[in-house]
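Inspection log for the structure reproduced underneath, given as structure tokens.
The values are calculated or read from the model by the stated rules, or taken from the named source; none is laboratory data. Model, not experiment: these values are computed from the prediction. Note that each Cβ is placed from the backbone with ideal geometry, even for glycine, and that neighbours are counted across all protein chains shown. With ligands, DNA and RNA removed, areas are computed over all heavy atoms of the protein, side chains included. Shrake-Rupley method; radii C 1.70, N 1.55, O 1.52, S 1.80 Å.
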Amino acid sequence: MHLNEAQANRLYDLLSVLALSANEAFGIVPAEELLLPDGSFNLDACKEVLDRVWDDPALIDELTERNPLGLPPRVLAELAPWKDRITGPQLLLGYDRRGRALFSVGESRVAVMGVMQDIEEVVPEEPPTVVFVTLLPFAGLVVYDTMIRLPPVSYGPGFRSMLEKEVQEAAEYPLVETADDFVALARRVNAQHEEDDWARFQRQMDRERWERDGTEPMVKGVHRGELAGLPDEVREKRVNERLQETWYGSEERDLAAELARRAQKVAPVCTFEDTLATDKKADLERDARGLGISGISSLRKAQLAERVAREWLDDPRILRNTLVTCFEAEYATFRELLAAPDGHMEFAEKDAGQHRSLMPCPPISRLFLYEGTFTALVPEELRLQAESLDFDQVEARRARIERVGHLSEVLTELCGAAAVRDLPTRYEGLFGEKIELDDLVDDLLILQKRQGSYPTFELWLDRQAEGYDVARDKAAFAYVIHYSLGDAQIGEDMYDDVLADLEAKGEEVTRDGVSEVLDKLERRIEREKTTRDKMLRPLSPNMSERRSMAPSRWTRRLRLGRPMTGSSGCPRWRTCAGGLTLTFQMTRMTSSIPIM
């Protein structure tokens, strides 16, 4: 159910007047961005202005007093009720027999009219679902401000179950259908939000006062309590110990056995080449390939150790790069051993608990266990190389890598995918420092390698993009994507599916049947990747130039007054003699991030 044409025309007129007035009074966006030279409204800029008004509805009172456009009292009176709006994420319960959308708001159900079409035609997702919307009283009814935004997420079974439960509970809620009842509800709901915001503000002020005056109540178990005043390294050690205790519970642990699993069971040696000789030949071959050494297959183990050692010692950058890219525990162990006399530490098995955080990182650090004694060391030549290293620079680079990782995790959690070439600007906005695109790409590659089988995000290449050529431009076609969309998660899910199929059929995999199972797994993975790629491709910034490839995009024209002529390429309101024409192009983003 939706408004009639006259009501819809009036609603759009009032929204445009409100946007123009607010922007004239408060300068929210540049005037040329809101109202273009051809007399048309830019929908994105208009939404930014209206969002500012909905966030601070007291602006409507100020507009009434200032009246920058000289609006007649009759129009100002129609705008005044919108102070009592309800805005933000709302649960869409479903639709009633009259076609009105039912939203759960403050233990009430609110029946909301569509504007030029039923809301059911605007929202592609089946209810119950969460949408971002602003609800308004208008013409004795409840409407919305013409714009509904879907969060770019899909709902897992846990979250879906929670929504279904709320739908059942909402069936007993009173139904709000009229503008007057909605205004009363909005005042209660908004008053509660203001109280909550004030309480949060008070708590923040209390925390700042406590920190300034040193009078904060100490809470046991957090850094303001038993960890207060400790040096960073001691605090980190205590936190790691507590995490270990939580992880292992109350089980009796054999700390010596845990440390022994990380150690090489040979007599300790100190020179770099000798420590390499204690490795397996396969490990040395892998190291040699990584260093670009040729003729590996013809070399004996001792020769491999000698060649790898020579490459490392001839190029000190290898050590620096390893320290930049290794895990935090490995880096901490390297620094701890450097601080020990001669880069060397020995302790008995009974004292393993005092050194359980040691994490060797061959070949730059080693842990040996021989005849009941642990020996941890940095090979002699690498210890000498480290003396000329600028560890401040190393740690600054490590910190930057962590920041790039944090930015990528946040963006993929919020958006599902983000173009790599946009990340430097976002990085500067978040952390206040510039980063070159090539440097950021290098950091992403380091993170991708470090994360191994359980990444927190992944890199995806749009290989179907026009002009695809990573060799020419390694960032133009690259995106960071949420881990649940990545190859690792797809492989794990398909592996579980194949095993579930076999268990359901009661089949046993024989030696001859392994190849068939692996082929089936590979086919499933490739099909799922293809589906994933089709879903991700519309997120590309170039998608506006390739609309024909976007199956989930549709365009709807809503006529108000004279029909709009000219370009229809971007969403906009357009003023004309007969009223307003709204060309509203909606883009549906398919599911990207699963919740719970």
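Quick notes on this structure:
- Net lengthening on full extension, A465/D283 (0.36 nm per residue, minus Cα-Cα): 61.7 nm
- Region 306-337 and region 427-487 have Cα centres spaced 25 Å apart.
- Under 21 Å from K165, Cα to Cα: lysines that are on another chain or at least 8 residues apart: none
- Each residue, Q204 and T531, gets one label point 7 Å from its Cα in the Cβ direction; the gap between the two is 4.3 nm.
- FRET efficiency, 1/(1 + (r/R0)^6) with R0 41 Å, evaluated for A339 and K47 via beta carbons: 0.15
- Residues E164 and L389, FRET efficiency given R0 of 51 Å [Cβ-Cβ distance, rounded to 0.05]: 0.30
- Taking all Cα pairs closer than 8 Å and separated by 6 or more residues, the relative contact order of region 235-331 comes to 20 percent.
- Reachable lysines from K83, criterion Cα separation under 19 angstrom, eight or more residues apart if same chain: K47
- Hz values of 3J(HN,Hα) by residue in region 383-388 - Karplus curve (6.51, -1.76, 1.60), Gly and Pro given as x: 5, 5, 4, 5, 5, 9
- Accessible area of region 300-446 belonging to carbon and sulfur atoms, whole % at 1.4 Å probe: 48
- Long-range HN-HN contacts of V176 with modeled amide H, under 5 Å: R109, V110, A111
- Counting only residues at least eight positions apart within a chain, or on another chain, the aspartates and glutamates with an alpha carbon under 19 Å from that of K529 are E458, D462, D487, E492, D493, D496, D497, D519.
- Rg(Cα)/(2.2 N^0.38 Å) for region 282-349, N = residue count: 1.35
- Gyration tensor verdict on region 266-392 (Cα atoms; rounded if a/c is under 1.5, prolate if a/b is larger than b/c, oblate otherwise): oblate
- Taking every protein chain into account, the accessible area of region 113-158 amounts to 33 square angstrom per residue (probe 1.4 Å).
- Shape class for region 96-181: oblate, because the ratio a/c of the largest to smallest gyration tensor axis (alpha-carbon atoms, square roots of eigenvalues) is 1.5 or more and b/c is at least a/b.
- Extreme residue, positive dipole direction of region 40-118, given options L76, G88, S104 (C-beta unit charges): S104
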